[in-house]
1. So for the stretch 69-191, what percent of the C-alpha to C-alpha distances run longer than 19 Å?
2. So, for the chain, what is the accessible surface per residue at a probe of 1.4 Å, expressed in square angstrom?
3. Would you mind listing how long the stretch 190-233 runs along its three principal axes, going by Cα atoms, in whole Å with the largest first?
4. Once fully extended, how much extra length lies between D210 and N173, figured as 0.36 nm per residue of separation less the alpha-carbon to alpha-carbon distance?
5. Using the per-residue mean of other Cβ atoms lying within 10 Å as a proxy for protection, in what order, highest first, do the peptides 9-15, 227-233 fall?
6. Return, ordered by residue number, the residues of the stretch 140-158 whose backbone nitrogen is under 12 Å from a label point located 7 Å along Cα→Cβ of H103.
7. Quick check: at a probe of 1.4 Å, how many percent of the accessible area of the chain sits on carbon and sulfur atoms?
8. Work out the FRET efficiency for Q30 and E190 from their Cβ-Cβ distance, taking R0 = 45 Å, and round it to the nearest 0.05.
Amino acid sequence: MVVTHFRYDGICPPGIVAAFSLKSFWLDRQYLESMQFRREFVHSLGFDHNPVATAGQIHSSKVLAVDRGGYYAGADGIATNRPGLFLAVVTADCLPVFMWDMHAGCIALIHAGWRGSDAQIVKQGIALMVAQYGSIAQDIGALLGPSICAGCYEVGLEVAEKFEAGDSAKGSNGHFYLDLRAANRRQLLESGILPENIATDPLCTRCRSDILCSYRAEGAHVGRLVAALGIKE
Ligand SMILES: [Zn+2]
């Protein structure tokens, strides 16, 4: 049987489902941006009848609280406290950030490329969990999902300059490289998330473009990977 996704059951609390699709899932369907693609991924995890809420992903810092399935166009992150409602975003090199708070009973799923990271979208997600659901930062757990690694993500000086020194590096070739994981991890810590509550999947979408979809490796016709996050009913 073809493996189509990772489940992060050992990293998340038992009440949470977090999963990330592999290229094999996309090759099977090629629905790309459609809502159906994201829904089918959640259903393929065994949650056949569960509603799915997804963000339109415009490289913003907007995170929305939702309580029903649907396509939320003007956002890059979504949050809920409704058990059984799955959140989904798609990526191909950008960083998916899964967050949960089992005390407050809420989750948030963020799509963070360089623009969203520059706009500190994970901080917006945490602020929303606090304001909307009564989370406190020390109770929030976070998982940085597969994304392009620092060694693969060359950016212009004008992008590197937007970030803190530790988030980007100048290579021996004089070019600049951005570490999306470092930038988002720093922002999580600045928001009060405890270091022991942050996990990272070290897989790079570009280094492993054999099993993952990478815009940098494959260009405009690249597929998409689905990140999905839900509270078990
Ligand atoms: Zn890489």
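1. Summing the P(r) tail past 19 Å for the stretch 69-191 gives 47 percent.
2. Using a 1.4 Å probe on heavy atoms only, each residue of the chain averages 42 Å².
3. 38, 30, 17
4. Gain in length upon complete extension: 10.7 nm.
5. Highest mean packing first, the order is 227-233, 9-15.
6. 140-141
7. 51
8. Efficiency, from the Cβ-Cβ distance: 0.70.
The values are calculated or read from the model by the stated rules, or taken from the named source; none is laboratory data. Just so we're clear, the structure is a prediction, and the values are computed from it rather than from any experiment. Glycine also receives a Cβ, built like all others from the backbone with ideal geometry; neighbour counts cover every protein chain displayed. Heavy atoms of the whole protein, side chains included, go into the accessibility calculation; ligands, DNA and RNA do not. Shrake-Rupley method; radii C 1.70, N 1.55, O 1.52, S 1.80 Å.
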